[in-house]
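See structure below.
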């Protein structure tokens with residue numbers, strides 16, 4: 001009856017109709033503008049069809065529908081309220097037309113039905129779900145909310161409280177939870193899904209149940225008073241505030257909306273939903289979180305694009321090696337084995353090998369304890385790690401990650417020795433260095449074109465980012481191979497060019513130096529931490545320094561002070577981190593840093609103020625005073641932002657997207673702010689330049705570049 005590029009409408013035996021989602025434009029179905037146009041065309045034909053007894057919704061993909069096409073959101077975000085509400089009304093009319101058909105409807109849910117994918121299923125009279133499928137309304141994770149009736153129909157099918165929790169959390173729900181909630185009506189094995197849905201549809205058509213009565217539930221008020229709903233919503237909001245503060249407003253808007261709409265009719269509630277959705281699209285959090293979603297896709301796409309010219313030429317990693325065991329080497333070995341890649345873990349002393357093996361075993365045991373792995377699977381993974389003191393086991397490896405001590409002379413010697421032992425001249429050698437110049441390390445190699453940096457972040461198993469550092473002689477094929485390898489490990493590779501500190505450490509240490517300058521001026525480091533954590537950082541800069549380790553902090557500063565002396569300038573009388581390090585305080589490593597640490601009930605480090613540190617700083621910098629909170633934010637994030645601008649202008653990183661994703665993945669930059677570049681765009685580049693001029697008297701770290709001033713003058717943005 002209708003054949004489109006993304007769906008088709010067909011008449012089935014028994015006078016039933018079927019809308020089948022089967023996009024030819026990708027591996028999944030999604031509600032992009034084309035699909036919605038085709039759905040409207042199909043519905044127009046369907047409503048004119050004679051002798052119809054029921055409608056079936058199905059998918060021929062491995063998933064039902066994954067939701068709206070987020071790549072089209074920029075148009076939606078730029079719309080006026082009138083334009084937005086009018087467009088939402090068009091889609092909602094299509095969905096309500098399904099719900100208002102003069103015959104029953106059933107959805108057969110396979111794979112995932114998320115966002116709009118679930119919302120269209122909720123319009124049907126009944127839903128059958130595959131035992132392997134899951135459903136959800138994840139929009140709050142993007143800073144927005146369901147916009148096609150999800151906040152209206154779900155609380156009328158399930159309880160108000162459950163719907164509130166599902167939508168505010170955005171968490172997916174498996175088939176059993178969906179059935180228990182009343183949001184689906186039957187669980188079927190995957191191979192029987194379509195037949196089960198057809199049987200249910202035939203039963204409804206034959207009068208087994210009054211489908212019109214089912215609709216009345218969804219079209220009337222929710223079975224809860226406004227006062228009861230308000231109490232539930234307040235409790236839910238307080239629970240979120242205790243974890244996230246007020247940084248993610250979408251969940252609060254959902255709660256407000258659902259209370260206001262709970263006693264309305266369907267169409268009134270949907271109209272209210274449209275206006276609430278529009279208001280969220282105007283928030284910086286929505287722009288940041290949708291940008292983050294697209295940024296994740298972009299990073300993976302860039303890695304694959306790099307590899308495309310070498311398809312059929314590059315060798316896949318068959319056997320890898322990590323040189324240098326310990327915690328880092330063990331983490332890298334674990335990640336390889338977890339993803340099914342055999343790996344040799346090589347070191348020159350047994351205790352280091354034992355530590356690396358115990359690290360991998362600890363992580364696997366944690367997976368078993370949490371039910372993510374069986375003991376047999378854990379043993380199978382562990383067997384892929386081959387600890388060795390012998391050199392000959394690495395000769396046939398075609399990917400090597402050097403992870404020895406962060407001393408340039410040692411790394412250069414090890415890299416040259418490893419390269420000489422490899423039997424395949426095309427094998428790739430990488431260095432897991434966080435500070436040492438890739439160009440200088442390449443000088444020790446015979447085949448520098450096969451070499452680059454591969455900077456894993458600690459702990460390896462938990463941190464998504466891998467910085468791929470391109471040296472002057474690194475070949476495109478080497479970079480592509482290492483990017484593909486990082487993807488295979490489940491990591492997010494971002495390619496940067498060699499420079500002091502590379503990308504993440506360079507901009508991070510600009511922010512840390514901003515803190516150190518504040519402390520030297522008499523600021524209270526505890527206040528700085530509190531302000532920056534309230535701003536959204538997972539740890540304040542002093543606390544983060546303790547976690548990284550003050551020995552590492554001092555070493556990284558030395559690299560940047562030497563490599564970028566025009567901006568990274570020594571503080572007088574001394575940097576606070578250097579003072580602490582000179583006093584044998586290493587941070588959490590020995591329980592003494594900016595703070596004093598002891599083990600809590602869970603066995604984790606817990607920080608408390610240390611009067612010895614406060615007295616030392618009082619003597620050096622004067623008694624600490626409270627600074628204006630906005631100045632603290634501007635001094636720390638302004639330093640980071642201006643250094644990132646320089647990295648972009650110098651070509652250290654290729655795009656604002658990759659720059660922001662590196663910080664999201666590498667240091668836990670707050671997702672609701674979207675990254676330092678997006679933060680500067682939201683602030684406005686004119687304001688960024690004004691801030692830089694204000695604090696340029698303090699340090700050249702803050703001084704705007706001429707290119708940034710030109711962008712600001714034209715009203716441009718970094719994105």
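The values are calculated or read from the model by the stated rules, or taken from the named source; none is laboratory data. Here the structure is a predicted model, which means the values were calculated and not measured. Don't worry about glycine lacking a Cβ; one is built from the backbone with ideal geometry, like all the others, and counts go over all protein chains shown.
Numerical summary
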| quantity | calculated |
| --- | --- |
| Residues that are crowded, with 17+ Cβ neighbours inside 10 Å and not in a helix (DSSP H, G or I), drawn from the stretch 568-584 | 568, 571, 575 |
| Subset of the stretch 657-673 (residues that are under 22 Å from residue 487 (Cβ atoms) and part of a helix (DSSP H, G or I)) | 657, 658, 659, 660, 661, 662, 663, 664, 665, 666, 667, 671 |
| Extreme residue, surrounded by the fewest Cβ atoms within 10 Å (Cβ to Cβ), among residues of the stretch 184-210 that are in contact with a strand residue (DSSP E or B) (Cβ under 8 Å, 6 or more places away or on another chain) and more than 17 Å from residue 13 (Cα to Cα) | 189 |
| Subset of the stretch 131-141 (residues that are out of contact with any strand residue (DSSP E or B) (no Cβ under 9 Å at 6 or more places or on another chain) and crowded, with 24+ Cβ neighbours inside 10 Å) | 140 |
| The one condition in (1) part of a loop (DSSP other than H, G, I, E, B); (2) within 28 Å of the chain's Cα centre (by Cα) that residue 565 fails to fulfil | (2) |
| Failed condition for residue 491, given (1) in contact with a helix residue (DSSP H, G or I) (Cβ under 7 Å, 6 or more places away or on another chain); (2) surrounded by 19 or more Cβ atoms within 10 Å (Cβ to Cβ); (3) assigned by TED's automatic domain parsing to the domain that holds residue 409 | (1) |
| Top-ranked residue of the stretch 600-625 - restricted to ones that are within 30 Å of residue 502 (Cβ to Cβ) and out of contact with any helix residue (DSSP H, G or I) (no Cβ under 8 Å at 6 or more places or on another chain), ranked as surrounded by the most Cβ atoms within 10 Å (Cβ to Cβ) | 605 |
| Which numbered condition residue 538 fails, given (1) in contact with a helix residue (DSSP H, G or I) (Cβ under 6 Å, 6 or more places away or on another chain); (2) surrounded by fewer than 18 Cβ atoms within 10 Å (Cβ to Cβ); (3) in a loop (DSSP other than H, G, I, E, B) | (1) |
| Pairs with Cβ under 8 Å, 6+ apart, first in the stretch 318-330 and on the phi > 0 side of the Ramachandran plot, second part of a helix (DSSP H, G or I) and surrounded by 20 or more Cβ atoms within 10 Å (Cβ to Cβ) | 324/352; 324/414; 326/352; 326/356; 326/359 |
| Filtered residue count, the stretch 457-481, keeping only those that are touching a residue at least 60 places away in the same chain (Cβ under 8 Å), buried (at least 18 other Cβ atoms within 10 Å of the Cβ) and more than 17 Å from the chain's Cα centre (by Cα) | 4 |
| Pick from the stretch 3-20, criterion more than 23 Å from residue 205 (Cα to Cα) and touching a residue at least 12 places away in the same chain (Cβ under 8 Å), ranking: surrounded by the fewest Cβ atoms within 10 Å (Cβ to Cβ) | 5 |
| Qualifying positions in the stretch 170-209 - in contact (Cβ under 8 Å) with a residue 60 or more places away in the chain, assigned to a helix (DSSP H, G or I) and under 32 Å from the mean Cα position of the chain (by Cα) | 190 |
| Residue ranges of helices (runs of 4 or more DSSP H) in the stretch 265-349 with at least 1 members touching a strand residue (DSSP E or B) at 6+ places or on another chain (Cβ under 6 Å) | 284-307, 326-338 |
| Restricting the stretch 696-712 to residues that are assigned to a helix (DSSP H, G or I) and without any contact (Cβ under 8 Å) to a residue 24 or more places away in the chain, the residue that is farthest from residue 646 (Cα to Cα) | 710 |
| Among (1) in contact (Cβ under 8 Å) with a residue 60 or more places away in the chain; (2) surrounded by 24 or more Cβ atoms within 10 Å (Cβ to Cβ); (3) more than 21 Å from residue 700 (Cβ to Cβ), the one test that residue 645 misses | (3) |
| Residue count for the stretch 101-117, restricted to those that are surrounded by 20 or more Cβ atoms within 10 Å (Cβ to Cβ) and assigned to a loop (DSSP other than H, G, I, E, B) | 5 |
| Test for residue 135: is it in a loop (DSSP other than H, G, I, E, B) and either without any contact (Cβ under 8 Å) to a residue 40 or more places away in the chain or within 28 Å of the chain's Cα centre (by Cα) (or both) | no |
| Some residue of the stretch 630-637 being in the same structural domain as residue 560 (by TED's automatic domain parsing) and under 30 Å from residue 301 (Cβ atoms) | yes |
| Candidate set from the stretch 328-342 (those that are more than 19 Å from residue 458 (Cα to Cα) and surrounded by 13 or more Cβ atoms within 10 Å (Cβ to Cβ)); member that is nearest to the chain's Cα centre (by Cα) | 341 |
| Output for the stretch 500-535, where each listed residue is out of contact with any helix residue (DSSP H, G or I) (no Cβ under 8 Å at 6 or more places or on another chain) and assigned to a loop (DSSP other than H, G, I, E, B) | 502, 524 |
| Unmet requirement for residue 296, which otherwise passes all of (1) surrounded by fewer than 21 Cβ atoms within 10 Å (Cβ to Cβ); (2) in contact with a helix residue (DSSP H, G or I) (Cβ under 6 Å, 6 or more places away or on another chain) | (2) |
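Quick grid of which residues meet (1) closer than 25 Å to residue 496 by Cβ; (2) surrounded by 16 or more Cβ atoms within 10 Å (Cβ to Cβ); (3) touching a strand residue (DSSP E or B) at 6+ places or on another chain (Cβ under 8 Å); (4) assigned by TED's automatic domain parsing to the domain that holds residue 565:
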| position | (1), (2), (3), (4) |
| --- | --- |
| 627 | no, yes, yes, yes |
| 661 | yes, yes, yes, no |
| 675 | yes, yes, no, no |
| 693 | no, no, no, yes |
